[in-house]
Amino acid sequence: MELTGAEIVAECLLREKVDLVFGLPGGVVIPLYDVLRRTPKIRHILVRHEQGAAHMADGYARATGKPGVCIVSSGPGATNTVTGIATAYMDSIPMVIFTGQVPVHLIGNDAFQEADIVGITRPITKHNYLVKEAGEIADAIAEAFYIATTGRPGPVLIDLPKDVQVMKAKFEYPERPHVRGYRPTYEGHPGQIKKAVEMIVASKRPVIYVGGGAILSGAADEVRDLAYRARAPVTTTLMGLGAFPETDSLSLKMLGMHGTWYANTAVMQCDLLIAIGARFDDRVTGKLSDFSLQSKKIHIVIDPADIGKNVQVDLPIVGDVKRVLQQLNPLITKPLGTDEWLQQIEVWKREHPLTYESTASCHEEGLDGGSDGTAPPSHIPLRAQYVIQKIGEMTHGDAIVVTDVGQHQMWAAQWYGFTKPRSMITSGGLGTMGFGLPAAIGVAFAVKDRPIVVISGDGSIQMNIQEMATAVGCRLPIKIALLNNGYLGMVRQWQDLFYGKRFSEVDLRESNPDFVKLAEAFGAVGLRVFKDEDVEEAFAEAMKVTDRPVLIDFVIGEEDNVFPMIPAGAAAHEMRES
Amino acid sequence: MRRHTISLIVENKFGVLARIAGLFSGRGFNIDSISVGESVEPGTARMTIVTQGDEIIIEQIMKQLNRLINIIRVVDLTDDSFINRELALIKVNASAGTRPEIVQIAEIFRAKIVDISQKTLTIEATGNEDKIDAVIGMLRPFGLKEIARTGRVALSREYRGKDQPRQPAPAAPVWERERLNIAADPA
Ligand SMILES: Cc1ncc(C[n+]2csc(CCOP(=O)(O)OP(=O)(O)O)c2C)c(N)n1
Ligand SMILES: [Mg+2]
């Protein structure tokens, strides 16, 4: 069967069961868009900026585990996706990006809207392709989906010159792509697993440290099984939130720079650290030479390059963490003597909970929002933590939370109360402001039965606010909780704590738009909340809206900081609680 | 810091060299030399990279190379017995008076004269880097005009003399064990 290159692309997408793509056309992808127009099985979502398309595909992938797909034009269209691709790469998210390219004979001529996108994205993709003949398209696409979704997932880019989309070629889809230099390891080595079991059984003070790999591999059940068998407390990274329910008594919540006091202390004092699908990122370890010095370390991870990169470990196990845990868990049969350790941790949790002061009464985690009868100190403004805690309560921990980057992101991580995997969607590795809204749009196309709540900041939201039009156009009932402190808050916090309060270029107060009017201008609903006591009502009202986005402008205190905090480059014992 | 000779078999595809060079520059690894040429199997090429670093860095280099999709095989030859050669073309000033001496130096190093003019001689020398350095050092006083060096190419040595039987395969280095998921000692 002879097809044009563009038709081949569409056929391949159908073979890969892609029914949704995000994109924005331009001159060199018109042939492809012409075919999409008559391919009703593939729904195309028109974005307003190509960065939005990349984040949407990313958000869709994070929520579903399926690869996200986007299509953009050459030159500026392609370069606009770069931040989105790098964001996905850093968090190992499966994505396939199609970029148009100038015709083959013009490549290298500085042609109109030519950019060497394959060169530009080489270090931020798992792999990429420039396809120079229609006959190569099917192989490239089959390989791209295979590479993007297997092993340690990641984004793969395919650059398609315009003439290649028009050229005809025989279409044949490879059943199973064969990529010689690519052989991910899934099964854990039995000998290593046996040793891990011995180490676990011998441990008196174990801690399980879970990263995003556990979410990617769908290993939440196995993590929980391990925690119960080993009677070991579990802490997660930002990327691992939801891999273990924070409501469980074995949960230590998040560790790292803005992790809980007790998680960081437990990691510091444990005798065995079991790292699962994690990579000892500097935001987790702090000062490496002081990191968890008393522990032996087991590292279960799919990418061998993560082993020994930052922290030397005693026992590496390379493999898919779900499979490795399925091999390992049944071998832990003896009851383990960790009672004393767990009691110690209970004491730490009581003595050092996450806290904040509020005009309402939820001072501490674990307490519900009821009044404690004391008169609220009226000078304390609305607190972000309270807003997030309230949203957690009102959605029963069932929402998919999508964040931007900054203080609000850390507060969301600390206070929402994650109980399910794929519920915290956030740019952890790259820390991309502007990720939240478009990523949530991607999520909204995949998830219809759970509330989708963007927790954003006044700085971040403006970085991709144009996608509000996409959300309105598609009638997506996304809730945007804007924690508006009038600042690039996280940077202000660093200047406050480490640069003698010398605030430099972080003040947005004078120039911020009226976010309620802005939402309304897009055709979304805008609400504003100043006081604790109005949070519940406003959010309840937002939940009632089902046919368009709602933005709630929560006007919070201007100078609040995120605690606990381990300053960058410091050790866990240098943690500041206020 | 030690010099390591890393041998790669790669798919001979568009952009492979850029991927490897980009990996080294992006992650701050050193490259002393890199050489590429076709390998036995059509569609593949062998690359020899000479690099430096402590154990941890070399381990990372090997692992990161292995992550590249177009790389089929990566071997660190350094701790095994291997043959390595480099080729240099050296264009040196030569007059009627100095020519005999230069020819004699070339002969001592078993180098060849491959081009001659009124004012120059061009010498082709092969050997390990030390030898090439020595040839160049000896020719320097005559006035070097141009030099082209290939960088090291290397292969592991197959034949070992009777008194040097092939060692039982050395325990796989840590990174290789992790990649192939081999336990440190068979359990
Ligand atoms: C694209 C991008 N630019 C800059 C930064 C650096 N940065 C990190 S947090 C932050 C401030 C974010 O402000 P806002 O969205 O208002 O959140 P807040 O910290 O106030 O909650 C900045 C500028 C970043 N992470 N991403
Ligand atoms: Mg802000």
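The values are calculated or read from the model by the stated rules, or taken from the named source; none is laboratory data. The model shown is predicted, which means the values in this text are computed figures rather than measured ones. Cβ: placed from backbone, ideal geometry, glycine included. Neighbour counts: every protein chain shown. Remember, those area values only see protein heavy atoms, side chains included, never the ligands or the DNA or RNA. Shrake-Rupley method; radii C 1.70, N 1.55, O 1.52, S 1.80 Å.
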Worksheet entry | Members of the stretch B:14-38 that are exposed (fewer than 15 other Cβ atoms within 10 Å of the Cβ), more than 13 Å from chain A (Cβ to nearest Cβ) and more than 24 Å from B:Glu55 (Cβ to Cβ) | B:Gly37, B:Glu38
Worksheet entry | Pick from the stretch A:166-198, criterion touching a strand residue (DSSP E or B) at 6+ places or on another chain (Cβ under 8 Å) and open to solvent by 90 Å² or more (accessible area, probe 1.4 Å), ranking: farthest from B:Arg73 (Cα to Cα) | A:Lys168
Worksheet item: (1) under 24 Å from A:Val179 (Cα atoms); (2) polar (S, T, N, Q); (3) within 12 Å of another protein chain (Cβ to nearest Cβ): which one isn't true of B:Ser7, the others all being true?
Response: (3)
Response to the item:
Within the stretch B:138-154, the residues that are under 25 Å from B:Thr5 (Cβ atoms) and part of a strand (DSSP E or B) are B:Ile147, B:Ala148, B:Arg149, B:Val153, B:Ala154
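One line per residue, one yes/no per condition, for (1) under 18 Å from A:Pro153 (Cβ atoms); (2) buried (at least 18 other Cβ atoms within 10 Å of the Cβ); (3) at pLDDT 95 or above; (4) in the same structural domain as A:Met90 (by TED's automatic domain parsing):
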| residue | (1), (2), (3), (4) |
| --- | --- |
| A:Thr285 | no, yes, yes, no |
| A:Ser292 | no, yes, yes, no |
| A:Ile298 | no, yes, yes, no |
| A:Val301 | yes, yes, yes, no |
| A:Asn310 | no, no, no, no |
| A:Ile317 | no, yes, yes, no |
Worksheet item: What are the residue pairs meeting all of these: first residue in the stretch B:121-134, first residue modelled with pLDDT of 95 or more, second residue among the hydroxyl-bearing types (Ser, Thr, Tyr), Cβ atoms under 7 Å, and 6 or more apart or on different chains?
Response: none
Item to complete: Could you check how many residues of the stretch A:209-248 are aromatic (Phe, Trp, Tyr) and closer than 20 Å to A:Ala412 by Cα?
Response: 2
Discussion item. Given the criteria part of a strand (DSSP E or B), crowded, with 18+ Cβ neighbours inside 10 Å and in contact with a strand residue (DSSP E or B) (Cβ under 8 Å, 6 or more places away or on another chain), does A:Ile97 qualify?
Written reply: yes
Response to the item:
Residues of the stretch A:19-73 being acidic (Asp, Glu) and within 22 Å of A:Ala134 (Cα to Cα), in sequence order, are A:Asp34
Response to the item:
Within the stretch A:329-343, residues being at pLDDT 95 or above, touching a helix residue (DSSP H, G or I) at 6+ places or on another chain (Cβ under 8 Å) and more than 14 Å from every other protein chain (Cβ to nearest Cβ) number 3
Worksheet item: Among A:Gly108, A:Gly151, which is small (Gly, Ala, Ser), under 26 Å from the mean Cα position of the chain (by Cα) and in a loop (DSSP other than H, G, I, E, B)?
Response: A:Gly151
Discussion item. If I go through the stretch A:476-491 residue by residue, how many of them are on the phi < 0 side of the Ramachandran plot and more than 7 Å from ligand 1 (Cβ to nearest atom)?
Written reply: 8
Worksheet item: Can you tell me which residue in the stretch A:494-525 is surrounded by the most Cβ atoms within 10 Å (Cβ to Cβ), limited to those that are aliphatic (A, V, I, L, M) and under 30 Å from A:Met575 (Cβ atoms)?
Response: A:Leu508
Worksheet item: Just wondering, is there one or more residues in the stretch A:211-221 that are of a type in the set (Ser, Thr, Tyr), within 16 Å of A:Val313 (Cα to Cα) and modelled with pLDDT of 95 or more?
Response: no
Worksheet item: Does the stretch A:298-305 contain any residue that is of a type outside the set (A, V, I, L, M, F, W, C), in a helix (DSSP H, G or I) and within 10 Å of chain B (Cβ to nearest Cβ)?
Response: yes
Worksheet item: Can you name the helices (runs of 4 or more DSSP H) wholly within the stretch A:177-244 that have at least 3 residues being within 14 Å of chain B (Cβ to nearest Cβ)?
Response: A:190-202
Item to complete: Tell me, please, whether a residue that is open to solvent by 80 Å² or more (accessible area, probe 1.4 Å), at pLDDT below 95 and within 30 Å of A:Asp282 (Cα to Cα) can be found in the stretch A:560-573.
Response: yes
Worksheet item: Here are some residues: A:Thr432, A:Thr419, A:Thr426, A:Thr470. Which one is away from ligand 1 (no atom under 16 Å from the Cβ) and under 28 Å from A:Arg279 (Cα atoms)?
Response: A:Thr419
Worksheet item: Only one of (1) open to solvent by 30 Å² or more (accessible area, probe 1.4 Å); (2) under 19 Å from A:Val387 (Cβ atoms); (3) in a helix (DSSP H, G or I) fails for A:Arg528. Which number is that?
Response: (3)
Worksheet entry | Any chance A:Ile85 is assigned to a helix (DSSP H, G or I) and within 13 Å of A:Ile117 (Cα to Cα) | yes
Worksheet item: Based on what the data block shows, is B:Ala111 surrounded by fewer than 17 Cβ atoms within 10 Å (Cβ to Cβ) and either over 30 Å from A:His127 (Cβ atoms) or in contact (Cβ under 8 Å) with a residue 40 or more places away in the chain (or both)?
Response: no
Worksheet item: Mind checking which residues of the stretch A:492-522 are β-branched (Val, Ile, Thr) and touching a residue at least 24 places away in the same chain (Cβ under 8 Å)?
Response: A:Val516
Worksheet item: In the stretch B:46-81, which residues are part of a strand (DSSP E or B), of a type outside the set (Lys, Arg) and within 12 Å of chain A (Cβ to nearest Cβ)?
Response: B:Ile71, B:Ile72, B:Val74
Worksheet item: Yes or no: A:Leu551 crowded, with 21+ Cβ neighbours inside 10 Å and either of a type in the set (D, E, K, R) or within 11 Å of ligand 2 (Cβ to nearest atom) (or both)?
Response: no
